[in-house]
Amino acid sequence: MRTKDIALVALFAAIMVVLGFFPLIELPLVPAPFTSQTLGVMLAGSILGARRGGLAILLFVLLVLVGLPVLPGGRGGLGVILGPTGGFVLAYPVGAFVVGLLTERLWRRYNLGVALLCNAIGGALVLYAIGIPWMSVVSGMPLADAITGSVVFLPGDAIKVVIGSLAAVAVRRAYPLVEPRVEA
Amino acid sequence: MLSLYHDADTPVHALPAGAKLLVLFGAGTGLFFVRSIPGLAVALAAVVLCHPVARVPWRTAWRQARPVLPFTALIVAAQVVLTDWATAVLVGERILALVLLANLVTLTTRTSAMIAAVEAALRPLRPLGVRPERVGLLVALTIRFIPVIREQAEQVRAAQRARGVERSSAFLTPLLIKTLRLADGLGEALDARGFEAGERPHRTSR
């Protein structure tokens, strides 16, 4: 990893923290403290690519683990991870990595539609795929009920996918950083 | 930024971070195999009793645990409806015991000790190209970036207000581009100090 990459990784970890603390953008329909951090997951993946984006969000999770209050509402520490919603936090780096991977593959014909696809898969579906079973295990709740309960996240996540994709497309035009990968 | 660490001189504080984390992960696995209400009650009581030993004030412990409570209550309620009382109590006890124990580790372990434990845990991955000694630098850089991003956000907002733009999507992009430029500049500055040569950058006072 080059020095520039180190700075970028730290930058996006910090953007995650800021998104949790100060609602930089207000989302309609979503309770404020819950908001923007998954947006950070999407931005890291779609602006930095798989490796750096995943590392940036992994670094953020590390900040949570070592006891810094970087989750919304000043939460942090190991208790959050072992709690019912901890799986979502652990899924963040995987989500960013998947967003990045898809973005790298589709970089040459990247547009708003592609961005929406990448962010919806990596920034929402992947998080559900890890976070919901985790919740089901920790809470002893049947998986089907955990899935039903998570429907409340859908409207907010849809809005975040749109905002993240708009920003990703604009940043790609002004400041492209992703190294494209040729499709296999 | 404040850490969640609560300073005191107790045997719990004195335990090495790695040992506390191992206990936590052991308990995290072990508690899932305890399927009796009294058994989990004993575990929960033991965790609660560790708090006075670690001289963690109840108010501090409460502030840490409070965010998890509404969600836990919701889950317990769901269990009562979906299964039976016994399962609901078991699940509630288990979540509380785990969360309180994890919080206790966080409250009694310095952030720097945690980072050192993480670096130690990553050391076996060195052959895969992982550089554990960079973890501390990355954490420090991240914490340094937080006020910088806020400042940039204020600037962008002020500039937009002056032009009468108030859309949030129009706010995120300039903020990202501004901070990306800053990160680039920082990377160059680190390189100029010979960082890439594999040495730690020259320490100066902040």
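Any read-out appearing in this document is the output of simple, stated calculations on the displayed coordinates, not a laboratory observation. Treat the numbers as computed from the prediction; the structure is a model and nothing was measured. Here Cβ is always computed from backbone atoms with ideal geometry, including for glycine, and neighbour counts include all displayed protein chains.
Brief remarks follow.
- Shape analysis of segment B:131-193 places it in the prolate category; the axes a ≥ b ≥ c from the Cα gyration tensor give an a/c of at least 1.5, with a/b above b/c.
- Within a Gaussian network of chain B (alpha carbon springs, distance under 10 Å), most fluctuating of B:A189, B:A43, B:A116: B:A189
- Positive minus negative residues near B:V130 (Lys, Arg vs Asp, Glu; Cβ under 11 Å): +2
- When you restrict to C-alpha pairs under 8 Å that are six or more residues apart and normalise by the size of segment B:11-120, the relative contact order lands at 44 percent.
- For the protein assembly as shown, the Cβ-based charge dipole about the Cα centre amounts to some 740 debye (Lys, Arg positive; Asp, Glu negative; other atoms uncharged).
- Using just its DSSP H runs of length 4 or more, each adding -39500 (n - 2.57), chain A gives a mean residue ellipticity at 222 nm of -21500 deg cm²/dmol after division by all residues.
- Given 13 as the ceiling on other Cβ atoms within 10 Å, longest exposed-site-free region of chain B for GluC sites (Glu not before Pro) in DSSP loops: B:1-132
- Inter-site label distance for A:T148 and B:W85 at 7 Å from Cα along Cβ, in nm: 2.4 nm
- Dividing the summed helix terms, -39500 (n - 2.57) for each DSSP H run of n ≥ 4, by the number of residues in chain B produces a 222 nm estimate of -24000 deg cm²/dmol to the nearest 500.
- Taking a sphere under 14 Å around the Cβ of A:L59 and counting the other residues whose Cβ falls inside, with K and R at +1 and D and E at -1, yields a net charge of +3.
- For the protein assembly as shown, the residue among B:I37, A:L143, B:V23 whose Cα projects farthest onto the positive side of the dipole built from Cβ charges is B:V23.
- Relative contact order (percent, whole number), chain B, Cα cutoff 8 Å, 6+ residue spacing: 23 percent
- Using the Stokes-Einstein relation with a Kirkwood hydrodynamic radius computed over Cα pairs, the translational diffusion coefficient of the protein assembly as shown at 10 °C and a viscosity of 1.306 mPa s comes to 72 µm²/s.
- Euclidean distance of C-alpha centroids, segment B:69-90 and segment A:61-109, integer Å: 27 Å
- The residue among A:G164, B:C50, B:A102 whose Cα reaches farthest toward the positive pole of the charge dipole of the protein assembly as shown, with charges on the beta-carbon of Lys, Arg, Asp and Glu, is A:G164.
- Charging the Cβ of each Asp and Glu at -1 and of each Lys and Arg at +1, and nothing else, the dipole of chain B about its Cα centre rounds to 380 debye.
- Partner shielding of A:171-178 amounts to 3, given as the average count of beta-carbon atoms from other chains within 10 Å of each residue beta-carbon.
- Taking the Cα centre of segment B:11-120 as reference, the dipole from Cβ charges on Lys and Arg (+1) and Asp and Glu (-1) amounts to some 320 debye.
- To the nearest ten degrees, helix A:50-65 and the longest principal axis of the Cα atoms of chain A are 30 degrees apart.
- Normalising the average separation of contacting C-alpha pairs (under 8 angstrom, six or more residues apart) by the number of residues puts the relative contact order of chain A at 26 percent.
- Per-pair calculated FRET efficiency, R0 = 41 Å: B:F25 and B:E151 via Cβ, rounded to 0.05: 0.60
- Relative to the globular-protein estimate of 2.2 N^0.38 Å, the Cα radius of gyration of chain A stands at 0.98.
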